[in-house]
Amino acid sequence: MFARRKSLKSLLLAATMVGALCPQVWADEVIDTNPNPPDNKPGETTVKIEPTESTSTSTSTSTSTSTSPSPSPSPSASSPSSSSSSSSSSSSSEVAAPKDYDKDSKIVSPESIPVSKVPDKVGIIETSRGYYMDVEHWKAKPKVARPKIGLALGGGGARGAAHVPVIRALEKEGIKFDYIAGTSIGSVVGGLYAAGVSLDDMEDEFENGKLMRNFMTVSLAVRIAVSPVMLMPRVFGSKEYDGLYRGNKFRKYLVKGLSCHDLNIEDLKIPFAAVSLNLLDGKPYMIRKGNLGFAMQSSSAVPGLRKPVEIGEYLFVDGGALCNLPVKQVREMGADFVIAVNIDQPFPAAKKEEFRKIGSVTTRMLNWDLWEMDMPQSQLADITIQPDTTGVSLISTKKSDAIKCVKAGEKAVQEALPLLREKLKNYGIATSPQQSE
């Protein structure tokens, strides 16, 4: 008995010491208590959302982006259950009514988040992974006179820096997107872009490592080392979902500087979907309505690393488990012509000697699994741009890796532009390249 008490005292002492010496370890575990972001600081990007009329099914959005060189990209925050209260099934015939909320409230709750009225076809929509049979299905569809253009942004953690120069080059070609779908880091870049955050700002956040450092609030090694202490609340009856990080700090970082209450997906200037996997039924879903911050947090909740995100009756994790390159999803949104950006590593033939290193077989099989999953989705696209991200870790915070991905994105998109121009010309769409200053 004495030994048990001594062990318990030692454990509690360790917990106290960790909390005192490493307060940042606990930062990600704090419950949301203040939904109101601080006043915007110089260099932050802001998005102003005009409230929707209670009788209207559309929203009007005005965006303003700062030109300061070192901002913080971001969209809006709320609570997991808040997104759910604003989400409706695609088969539902009713539309959720807006709720009153108190701007000065210090507690985030479903009732504190206003819900815009949107058509019942927009919400959390079940989808499925891409199959080779889907390729034939979409190819059989007749061409339309003026195709709607969709952008599919794949997952890949720190490699997401490669998305930014690709989108920038497509913008310079005069290409405007009618739909955007993103998975994991693709949902973050796509969601921020659809909200009006500047590409220069996003690139800065990747290159200075801030984005990935907020993705993992403390290093993975430290989090694993203190994981026994982090389990202490379970001893006293707490029943947290499995995972090393909540993801709250990452979401708050993303939404910093944007309207906290009003920025819902349906308010974005470009129709957007974040792809996530529901742990409860094992099916992927497109989150097309509700709070943007929680949608991005859900889509990038890497299983085992980040805790699942509860939105209503769903329990979401990273959509990359089934739909890492969401081409099928952006077609289901209504796109006729799809540009896909695949940031997974290429899968070339390997040599025997490469597999003598510890961990090499596991890495190879992970790369194969992603390659095999991405292949039918890639074939569903009209054109796939794949930057060479070889050697860049999914959780890298190195500036050199971010710069490597940016350069890889620039190179890949320049190589793809001649074919893209030709394909768009076949649809009667002439691009108008802007001259570099």
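The values are calculated or read from the model by the stated rules, or taken from the named source; none is laboratory data. Just so we're clear, the structure is a prediction, and the values are computed from it rather than from any experiment. Heads up, the Cβs are rebuilt from the backbone with ideal geometry, glycines too, and the neighbour counts pull from every protein chain shown. Just so you know, the surface numbers come from the protein's heavy atoms only, side chains and all, with ligands and any DNA or RNA stripped out. Shrake-Rupley method; radii C 1.70, N 1.55, O 1.52, S 1.80 Å.
Residue-by-condition table, conditions (1) part of a helix (DSSP H, G or I); (2) over 30 Å from PRO147 (Cβ atoms):
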position: PRO303; (1), (2): no, yes
position: CYS323; (1), (2): no, no
position: GLU332; (1), (2): yes, no
position: ALA335; (1), (2): no, no
position: VAL338; (1), (2): no, no
position: ILE343; (1), (2): no, no
position: GLU353; (1), (2): yes, yes
- Message: Just the residues that are open to solvent by less than 20 Å² (accessible area, probe 1.4 Å) and among the small types (Gly, Ala, Ser), please, taken from region 307-359.
- Response: GLY319, GLY320, ALA335, ALA340
- Task: State yes or no: is VAL197 under 17 Å from VAL413 (Cβ atoms) and either of a type in the set (Ser, Thr, Tyr) or within 17 Å of the chain's Cα centre (by Cα) (or both)?
- Result: no
- Message: Kindly evaluate ILE270 against the criterion of being open to solvent by 10 Å² or more (accessible area, probe 1.4 Å), among the β-branched types (Val, Ile, Thr) and on the phi < 0 side of the Ramachandran plot.
- Response: yes
- Note on the structure: By residue number, the members of region 170-224 that are charged (D, E, K, R), at pLDDT below 90 and open to solvent by 10 Å² or more (accessible area, probe 1.4 Å) are LYS210, ARG213
- Query: GLN379 fails exactly one of the following numbered conditions: (1) open to solvent by 40 Å² or more (accessible area, probe 1.4 Å); (2) of a type in the set (S, T, N, Q); (3) modelled with pLDDT under 90. What is the number of that condition?
  - Reply: (3)
- Message: With within 15 Å of THR183 (Cβ to Cβ) and modelled with pLDDT under 90 as the only criterion, which of LEU305, LEU370 stands out?
- Response: LEU370
- Note on the structure: In region 400-429, anything surrounded by fewer than 16 Cβ atoms within 10 Å (Cβ to Cβ) and among the β-branched types (Val, Ile, Thr) is listed as ILE403, ILE429
- Query: Going by the structure shown, is ASN291 over 14 Å from the mean Cα position of the chain (by Cα), over 20 Å from VAL341 (Cβ atoms), touching a residue at least 40 places away in the same chain (Cβ under 8 Å) and open to solvent by less than 20 Å² (accessible area, probe 1.4 Å)?
  - Reply: no
